[in-house]
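So the structure is just underneath, and the comments pick up after that.
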Amino acid sequence: MEITIIDHPLAQARLTRLRDERTNNSGFRAALSDLGAMLVYEASRDLEVETYECTTPVGTAEGSRLKNPPIIVPVIRAGLGLVDPALSMIPDAQVGFIGLARDEETHEPVPYLEALPDDLSGQPVYLVDPMLATGGSLVHAIELLTARGADDITVICVVSAQPGVDRLAEMGVPLRLITAAVDPALNEDAYIVPGLGDAGDRLYGPRNIHL
Ligand code: PRP
Ligand code: URA
C-alpha cells in the first residue's frame, strides 16, 4: 500500500483545529472542509487528463480536463463532511454512499446503506472517511468496492491509526492512502490516541440511531 502523509503547514494547522477539544461543531466542520479539499487536491495529482483547445478572450490556449473523474464514496456519517470539499475540487465527480456504524461493544462495523454503481471497474474511487481506527469499517467498504470490480481505490482519511493502516495493508488489495497523520495507538474503546475524538459526533452531534 502506498501511503502519503500530507505535512503541508496549512494542512497541519487545520488538523490541529480538528484535534483541539475546544473546537465546536461549526469550527470542526470548517476545518474538515478545508483539510478535506487539501487531501483531495493531493490525491488527484496524478489523475489522467485530456487536452483540448480553449479559446480565451485574446487567443487560444491548450486546455486540459480530467479524462475519467473519480467517484467519491463517503463512509456515512463522518465521511459526509468530506463530500463537499471533494466536489469543490472535482465538480465532475459522481458520489456513491456506504453507511456503516461501529458497534460500541464489539467495535465491528454494522452496515446500513449501500448506494453504489454496479460496475466500478476502470473507475478511480476516492473512499473518504475522516477516521481509520481499527480499520474494520474501511476493510468492509473496500470489500464492497472490489466486489463491484473497483481496481483503482484511493483511501482519504484525516487521521489514521497504525493498527488500521496495518490492517488495510494486509488486505493485499492495491490501495493508496492519503492522510494528514498516522497516530500510534488505539485506546480500550478503539478510539485513536491522540486522534480527535468521535468525528461523527464532532461534526453533527451525538449519534442516536441504534442498529
Ligand atoms: C467512525 C469513522 C469510521 C470508523 C472508524 O464512524 O467515521 O467510519 O468510525 O473506525 P474503525 O476503523 O475502527 O472501523 P462511526 O462508526 O463512529 O460512525 P459515525 O460516522 O456515524 O459516527
Ligand atoms: N471513530 C472515530 O470517530 N474516532 C476514533 O478515534 C475512532 C473511530
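Projected onto their three principal axes, the Cα atoms of region 90-211 cover extents of 39, 30, 28 Å, largest first. Every helix of 4 or more DSSP H residues in the chain counts as -39500 (n - 2.57), and over all residues that averages to -9000 deg cm²/dmol at 222 nm.
Accessible area of residue 55 (1.4 Å probe, protein heavy atoms only, ligands and nucleic acids ignored): about 110 Å².
Give the share of C-alpha pairs in each 10 angstrom bin for the chain, from 0 to the last occupied bin, in whole percents, shortest bins first. The distribution over the chain is 8, 35, 36, 14, 5, 1, 0, given as percents. Helices in the chain that qualify as membrane-span-like (whole DSSP H runs, Cα extent of at least 18 Å along the helix axis, mean Kyte-Doolittle hydropathy of -0.5 or higher) are 25-43. Averaged over its residues, region 2-204 has an accessible area of 48 Å² per residue, based on protein heavy atoms and a 1.4 Å probe.
Counting only other residues whose beta carbon sits under 10 Å from that of residue 199, what net charge do I get with K and R as +1, D and E as -1?
With Lys, Arg at +1 and Asp, Glu at -1, the neighbours total -1.
Karplus-based coupling profile of region 55-67, in residue order and whole Hz: 8, 9, x, 10, x, 10, 9, 7, x, 9, 8, 5, 6, with θ = phi - 60° in 6.51 cos²θ - 1.76 cosθ + 1.60 and x standing for Gly or Pro. Summarising the amide proton neighbourhood of residue 186: residues at separation of 5 or more, or on other chains, whose placed amide H is nearer than 5 Å comprise 193. Within 12 Å, Cβ to Cβ, of residue 157, how many net charges do the neighbouring residues add up to if Lys/Arg are +1 and Asp/Glu are -1? It works out to a net charge of -1.
Phi angles across region 87-100 convert, under the Karplus curve 6.51 cos²θ - 1.76 cosθ + 1.60 with θ = phi - 60°, into 3J(HN,Hα) values of 5, 5, 7, 10, x, 7, 6, 8, 10, x, 9, 10, x, 9 Hz, Gly and Pro given as x. Residue 65 sits among other residues whose Cβ lies under 14 Å from its own Cβ, and their net charge, with Lys and Arg +1 and Asp and Glu -1, is -4. Taking 0.36 nm per residue of separation and subtracting the Cα-Cα distance, full extension of the segment from residue 207 to residue 20 would add 65.3 nm.
The values are calculated or read from the model by the stated rules, or taken from the named source; none is laboratory data. It should be emphasised that the depicted structure is a prediction, and the values quoted were computed from it without experimental measurement. Here Cβ is always computed from backbone atoms with ideal geometry, including for glycine, and neighbour counts include all displayed protein chains. Quick note on the areas: whole protein, heavy atoms, side chains included, nothing else; ligands and nucleic acids left out. Shrake-Rupley method; radii C 1.70, N 1.55, O 1.52, S 1.80 Å.
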